[in-house]
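Participant: I'd like to ask you about the structure that follows.
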Amino acid sequence: MTNRRRVLLGGLGVVGVVALGAWGGGRPVLESRIADVLQRRLSFLKLNPDGVRAFARDQVTAVFNKKIPTWNRLRYHFLSAVAPSFQRFYRSTDKRSRLARLEDTLISTYLL
């Protein structure tokens, strides 16, 4: 017979397994995606593969080691969640997608 305690423990177990999978399996996947973006967008340059992997590893480590979100990230997420009602307060001419902006930021950071 299924009771509330078993359902809650089962749900907690599923959340725990997903969190462990994201924590353990997420790092190599993110590192490879960052390296792929750099190779694709900077294909006209001769890139050192070891340097690209080290950069990707450093970026993923920095993302996973963040303790609290910054004010700018909170503001961006808030404005994107309620964009239609607050659009008049936040004017931007940048029409690129969030992924394109992220790629540009990664490339700029790598080139610096």
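Participant: Among the residues of the range 85-95, is any modelled with pLDDT of 70 or more and within 29 Å of Val60 (Cβ to Cβ)?
Facilitator: So far as the range 85-95 goes, yes, one or more of its residues are modelled with pLDDT of 70 or more and within 29 Å of Val60 (Cβ to Cβ).
Participant: Could you tell me which residue of the range 96-112 is farthest from Arg53 (Cα to Cα), considering only residues that are among the aliphatic types (A, V, I, L, M) and either surrounded by 10 or more Cβ atoms within 10 Å (Cβ to Cβ) or at pLDDT below 75 (or both)?
Facilitator: Ala100
Participant: In the list Val7, Val15, Val29, which residue meets the criterion of being at pLDDT 70 or above, outside any loop (DSSP other than H, G, I, E, B) and either within 23 Å of Ser97 (Cα to Cα) or small (Gly, Ala, Ser) (or both)?
Facilitator: Val29
Participant: Is it the case that Leu38 is in contact with a helix residue (DSSP H, G or I) (Cβ under 7 Å, 6 or more places away or on another chain), in a helix (DSSP H, G or I) and at pLDDT below 70?
Facilitator: For Leu38, the condition - in contact with a helix residue (DSSP H, G or I) (Cβ under 7 Å, 6 or more places away or on another chain), in a helix (DSSP H, G or I) and at pLDDT below 70 - is not met.
Participant: Filter the range 54-70 down to the residues that are among the charged types (D, E, K, R) and within 16 Å of Ile107 (Cβ to Cβ) and list them by number.
Facilitator: Scanning the range 54-70 gives a single hit, Asp58.
Participant: Residues being modelled with pLDDT under 75, surrounded by 10 or more Cβ atoms within 10 Å (Cβ to Cβ) and of a type outside the set (D, E, K, R): count how many of those fall in the range 62-81.
Facilitator: Of the residues in that region, 7 qualify.
Participant: Still on this structure: Answer with yes or no whether Ala56 is under 17 Å from the mean Cα position of the chain (by Cα) and at pLDDT 90 or above.
Facilitator: It is true that Ala56 is under 17 Å from the mean Cα position of the chain (by Cα) and at pLDDT 90 or above.
The values are calculated or read from the model by the stated rules, or taken from the named source; none is laboratory data. All values reported here derive from a predicted model rather than from experimental measurement. Every residue, glycine among them, receives a Cβ derived from its backbone with ideal geometry; neighbour counts consider all protein chains shown.
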